[in-house]
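Peer 1: Structure provided below as structure tokens; questions to follow.
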Amino acid sequence: MSGSATAPSRRRTIADRLSGLATRFPINKSRTARIGLALTLIVLFVAVASPLIAPYDPIAVDSAQRLQPPSAEHWLGTDQQGRDVLSRTLYGSRISILSAVVIVALAVLIGVTAGIVAGYSGGWIDETLMRIADVFLAFPPLLLAMGVAAALGPSLTNAIIATSLVWWPWYARVARAEALYIKHEGFVDAARTVGASHLRILVTHVLPVARTPIIVQISLSLGAAIVTLASLSFIGLGAQPPVPEWGTMIADGRAYLLNQWWIVTAPGVAIFLTIMAFNLLGDGIQEILSPHERNS
Amino acid sequence: MTRLLEIEDLTIRFRMGGRDVNVLNGVSYSVGKNESVGLVGESGSGKSVTNLAVMGLLPTAILDRGAGRFGDQNMLSMSPRQRQKLRGRQIGMIFQDPMNSLNPVLKIGRQIEEGIILHFRISRVEARRRAIEILRQCELPDAASLLNKYPHELSGGMLQRVMIAAALALEPQLLIADEPTTALDVTVQAQVLDLMSARVRDAGASMLLISHDLGVVASVTDRVNVMYAGSIVETGPSKEVFLRPRHPYTVGLVHSIPSLSDDGPVVPIEGSAPDLSNLPRGCPFAPRCRWRIAVCYDVKPALAPVEGLDGSAPRLLACHNPATAEEAATGKPAAKPAVPDEAAATLSSHHSGAC
Amino acid sequence: MIYFVVKRLFLIVIVIAGMSVFTFGLTRVIPGDPARLLAGPEARLEQVEQLREQYGLNKPIVEQYFGYMAGLFRGDFGQSLTTRRPVAEDFAQFVPATVELTLAALILIVLIGLPLGFLSARRPNGIVDQASRLLTIAGMSMPVFWLGVLFQIVFFKWLRVLPAGGRLGIIESAPPHVTGFYTIDALMAGNMDLLLSALQHLVLPSFTLALASLATITRVSRATVIGVLRTDYVRTARARGLSERQVMTRHVFKNAMIPTVTVLGMQIGILLGGNLIVEVVFSWPGIGLYAVNAIKNLDFAPIMGVMLISALAYVMVNLIVDLVYLALNPRITYAGDK
């Protein structure tokens, strides 16, 4: 593909797609969605730009500056090892968001695959997969994540794997419902008579229809993934020090709660704002897709 | 002579999505004592809204002008509390889908008795007795055990009879029935209608029957009002209006019903219902009317007395160019519409996607 | 109806079996030699081998699983390395504290969440509605541990009105054991000071635990009530002459309760997980704190025991919720009655 000849046309199609998206998702219809989107974009920006905007290295220890209150040099003070709280909080957003994306991606991958295969195949494949999903669903979510993370060993990676194991059944259920619906419509049979293979049918017919409810579920899951991950880190099973993950920071900072309250407050407020951003966005999307919910 | 229910120049709109939807435009009709009146129109004509608004069951409706008098009290200027006292006891209402009109998690008996106890302040035992009595009058078998059943255990026809019984048990002076048979099987419709009108008559009460089916209404009512797009277009004695309609819309209604006795073709009314948020100047039926003349697009016809056909009684009509007796019989105008179709096309572009 | 219950119980058994395989599998996934972990770092080789014999750790894995299951049926959850006691004994000590906390949270959710939802629905976009919507968003966006810490800062450090943790003050001792619930036991012993102290200590943890679920329940009951208020049968009731208040109490309440109850069941699962966090934050000596301590020491028997017990409780609660739903709603017929 030659350079300049294709570049303008590619740019145009991206702009086209964006405006197409905007008409399908009239973001102006919901104030909640607008606020949520704005906050989310801020959070994403911080996450991406943190290496540029953070004033200090988040893991650099400075014993001389231990437990300093917020000041001109350290806007949010320092923690028990002299590390700049602001920088650590900013970097924390990277970790949380990246991890959340991986968690949701894994859960969607496993869950949607299992779900559409189960729904489409029916019979014992369906039964078995659904029983397995039921076993996972029978555990209170955090306990399940805790058990798996404990078994695998305390680390951020293992916490991510453990959390995605908690979410996949939800996606499986949603995907399966859509697959079942499709199966009972005529065009699957029509495709079969023309000789399409099962895989082809799954990808070209079933998947696109299942798309919409999955997207809504994803927007709501991201916030929940961040919480679960932070909770795991809080009890010691996720990110290990000195990694600046919000949950770990709050856990470590608890000992200094009484006098150096800023150590826990900064990551706490950060996590609250981030989750609220995702929740508002998810709520807003739901409002747009089904507007009758909120009206009197 | 005070009429029981007098609706006078009622004009109501709703605000939806930033636009005004004019559901009623100067509607006037009345129901007298011991009278049975019909209100006919298609969906969107405003036939249900009139009564719901007057009874206070449409809190979001905006009243522009008009009155809804019961006896000599204007219900629209009453406090909600006063209106609530009238509901059920003076004016009873029955709605379209009996399966959804009853609370699915409560027994039928409880729901009937609740109204009786509320309005008559008698004991539960006495209320039960009255409930059984009225159920029996409404031709429902095994009334006592019926009271212990849940709504989903009965058929649509039986449920509607239950609704009639429940309403009549409160001894109202006026019973308003809004499409009572539309959701029922055809075989059951006639029975329920006859039962209702008979019981209402026996009780010395009046009935207002609302329906889209002119045939149904004509058979059980004394007078009928035909509505279109929020206005009354024709009023008169029921049989007369049915046999000799004068308003083009009524003509269309009569001839769009297939009938066993009439071999003539079914003539549908062309076009679709108008957009109530964007009503044209002039007669709302003009774009679809085959009797239209030039003035129909400019001036909205007022409801005025007009001579009946072939010696029939005079009636009220809102039309600049009503049908003649022959046209009424065939359903077709003698001549093509005087206004050419391009005018219609230009004007119908005012209506933005009415479907 | 009996058929439905039997079918559900059968499914539950299958799920529990699956769960036990899962938890058992987890214990064997951990890196390291279970016998060595059991023996401790200072043990000599013979001691490790002896333990291996004693706990049957040299048998094939399937046999080990059945041995584990047999133990579970006897009530034997294994031994805790940290407390050096049978896990079952630890449970007996710690479970009542957790149950007391969970029940307190549940009471709060029902007593606050439901009325709030109802009031919000009666006047949508009114003051109550806007306020509770704000509360909802905040509640759902707060991770439980952060909320607990925040409460500690506000009520303990700044306002100095409530204690920061524990079930009782440091110098106070527990009331004579009847139920294991300090509140009830203190009441039964007639010790009002102790009762007050127990309640004070219960306030913050139970509120923290309740808040997130409170938000959900308020939302759900609001949405349900709005839906019910739009139905035809409510219109009929109004047409019959009932006042708004009568309509609410006689028709709306019961109908709106039914879906709300199901959501309540789901919340219990969330509570069982949040328990863990709250107990850590407030040093509440329940099985959550017990499990977390066990994690720090890689002590697996307690972890698995807690997981199984919680999961069992969750499954049972959901079954009860479904049965309650069936009892309240005469319309639903399960498994092909229609």
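Read the figures in this text as sums done on the coordinates, not as results from a lab. Just so it is clear, the model here is predicted, and its values are computed rather than measured. A quick note on method: Cβ atoms are made from the backbone with ideal geometry, for glycine too, and the neighbour counts reach across all protein chains shown.
Peer 1: Which percent, to the nearest 5, of DSSP beta bridges fully inside region B:3-225 are antiparallel? Numbers along the way, then the final one.
Peer 2: Values: 18 of 36 bridges.
Rounded to the nearest five, the antiparallel share is 50 percent.
Peer 1: Average partner chain C-beta neighbours within 10 Å, per residue of C:135-142?
Peer 2: The per-residue average across the peptide is 5.
Peer 1: Shape verdict for region B:156-200, please, from the Cα gyration tensor: rounded (a/c under 1.5), prolate (a/b greater than b/c) or oblate. It would help to have the intermediate numbers written out before the result.
Peer 2: Values: a/c = 1.97, a/b = 1.82, b/c = 1.08.
Prolate, since a/c reaches 1.5 and a/b exceeds b/c.
Peer 1: Based on other C-beta atoms within 10 Å, arrange A:W246, A:W167 from fewest to most. Could you put the intermediate results ahead of the total?
Peer 2: Numbers: A:W246 31, A:W167 25.
With the fewest neighbours first, A:W246, A:W167 line up as A:W167, A:W246.
Peer 1: Report the FRET efficiency, 1/(1 + (r/R0)^6), for A:T204 and A:A177, where r is their Cβ-Cβ distance and R0 is 30 Å, rounded to 0.05.
Peer 2: Working: r = 19 Å, r/R0 = 0.64.
About 0.95, to the nearest 0.05.
Peer 1: I've got another one for you. Students often forget the sequence filter, so: which lysines lie under 23 Å Cα-Cα from B:K300 once same-chain residues fewer than 8 apart are removed?
Peer 2: Answer for B:K300, where 23 Å is the Cα cut-off: B:K47, B:K332, B:K336, listed by chain and number.
Peer 1: Could you work out Rg/(2.2 N^0.38 Å) for region C:89-184, with Rg from alpha carbons only? Please report the intermediate quantities before stating the final value.
Peer 2: Details: Rg = 17.5 Å, N = 96, 2.2 N^0.38 = 12.5 Å.
For region C:89-184, the normalised Cα radius of gyration comes out at 1.41.
Peer 1: Additional query: Have a look at B:G18, B:G156, B:G41 and tell me which one the Gaussian network model of chain B (Cα, springs below 10 Å) gives the largest fluctuation.
Peer 2: Of the options given, B:G18 has the highest mean-square fluctuation.
Peer 1: Among the aspartates and glutamates, which have Cα under 19 Å from the Cα of A:K183 when same-chain residues fewer than 8 positions away are ignored?
Peer 2: A:D126, A:E127
Peer 1: Here's something else I'd like to know. Within 12 Å, Cβ to Cβ, of B:Y228, how many net charges do the neighbouring residues add up to if Lys/Arg are +1 and Asp/Glu are -1? Each step should come with its number before you reach the end.
Peer 2: Working: positive: B:K47, B:R288, B:K300; negative: B:E42, B:E234.
In short, +1.
Peer 1: Can you work out the FRET efficiency for the pair C:R44 and C:N329, with r the C-beta to C-beta distance and R0 = 56 Å, to the nearest 0.05? Write down the numbers at each step before the final one.
Peer 2: Numbers: r = 65 Å, r/R0 = 1.15.
The formula returns an efficiency of 0.30 here.
Peer 1: Turning to a different aspect of this structure: Give the value in nm², to one decimal: projected area of the alpha carbon convex hull of the protein assembly as shown, averaged over all directions. All intermediate terms of the calculation are to be shown ahead of the outcome.
Peer 2: Values: hull surface 223.1 nm².
Result: 55.8 nm².
Peer 1: Continuing with the same structure: Answer rounded, prolate or oblate for region B:3-225, using the Cα gyration tensor with square roots of eigenvalues a ≥ b ≥ c: rounded when a/c is under 1.5, else prolate when a/b is larger than b/c, else oblate.
Peer 2: Working: a/c = 1.66, a/b = 1.47, b/c = 1.13.
In terms of gyration-tensor shape, prolate.
Peer 1: Which lysines have a Cα lying under 24 Å from the Cα of B:K107, excluding residues fewer than 8 positions away in the same chain?
Peer 2: B:K149, C:K254, C:K338
Peer 1: Further question on the same structure: From zero up to wherever the largest Cα-Cα distance of region B:153-262 sits, split into 5 Å bins and tell me the percent of pairs in each.
Peer 2: For region B:153-262, the binned pair fractions read 2, 11, 21, 22, 18, 14, 8, 3, 0, 0 percent.
Peer 1: Something else now. Label points 7 Å out from Cα along the Cβ direction at B:S256 and C:R230: separation in nm?
Peer 2: For the pair B:S256/C:R230, the computed spacing is 2.8 nm.
Peer 1: Follow-up question, since we're still on this one. Projected area of region B:78-130, taken from the Cα convex hull and averaged over every viewing direction, in nm²? Working shown, then result.
Peer 2: Working: hull surface 18.3 nm².
The directionally averaged projection comes out at 4.6 nm².
Peer 1: Determine, for A:D57, B:D178, the number of other Cβ atoms within 10 Å of each Cβ, and report the residues in order from fewest to most. Could the numbers behind the result be given before it?
Peer 2: Working: A:D57 14, B:D178 19.
Arranged by neighbour count, lowest to highest, A:D57, B:D178 become A:D57, B:D178.
Peer 1: Just want the answer: with Cβ charges of +1 for Lys and Arg and -1 for Asp and Glu, which residue in B:G18, B:A318, B:N148 is farthest toward the dipole's positive end in chain B?
Peer 2: B:N148
Peer 1: Averaged over peptide C:314-327, how many Cβ atoms belonging to another chain are found within 10 Å of each residue's Cβ? Please report the intermediate quantities before stating the final value.
Peer 2: On the way: counts 6, 4, 0, 0, 2, 0, 0, 0, 0, 0, 0, 0, 0, 0.
Per residue, the average neighbour count from other chains is 1.
Peer 1: Once you put a point 7 Å from the Cα of C:M69 and another 7 Å from the Cα of A:L258, both along the Cβ direction, what distance in nm separates them?
Peer 2: 5.3
Peer 1: Please label the shape of chain C as rounded, prolate or oblate, based on the square roots a ≥ b ≥ c of the eigenvalues of the alpha-carbon gyration tensor (a/c under 1.5 means rounded; beyond that, a/b larger than b/c means prolate, else oblate). Spell out each step's value before the answer.
Peer 2: Numbers: a/c = 2.53, a/b = 1.52, b/c = 1.67.
Judged from the Cα gyration tensor, chain C comes out oblate (a/c at least 1.5, b/c at or above a/b).
Peer 1: Still on this model: Could you list the GluC sites (Glu not before Pro) in region B:1-78 that lie in coil according to DSSP, counting only those with at most 16 other Cβ atoms within 10 Å of their Cβ?
Peer 2: Working: sites: B:E6, B:E8, B:E35, B:E42; in loops: B:E35, B:E42.
Here the GluC sites (Glu not before Pro) that fit, given the DSSP loop and packing criteria, are B:E42.
Peer 1: Additional query: Once you average over the residues of C:241-248, how many Cβ atoms of partner chains fall within 10 Å of each Cβ?
Peer 2: On the way: counts 16, 6, 5, 3, 0, 3, 0, 0.
Other-chain Cβ atoms within 10 Å of each residue's Cβ, averaged: 4.
Peer 1: If neighbour count is taken as other Cβ atoms inside 10 Å, put A:L258, C:L81 in order from fewest to most. Write out the running numbers ahead of the final one.
Peer 2: Numbers: A:L258 11, C:L81 17.
The order, fewest Cβ neighbours first, is A:L258, C:L81.
Peer 1: What are the residues whose amide H is under 5 Å from the amide H of B:I176, where those residues sit 5 or more places off or on another chain and H is modelled from the backbone?
Peer 2: Placed amide hydrogens put B:G92, B:M93, B:I94, B:L208 under 5 Å from B:I176.
Peer 1: Can you tell me the relative contact order of chain C? Whole percent, Cα pairs under 8 Å, sequence separation 6 or more. Intermediate values should be presented prior to the final figure.
Peer 2: On the way: 344 pairs, mean separation 79.5, N = 338.
Taking the mean separation of contacting Cα pairs over the length of chain C, I get 24 percent.
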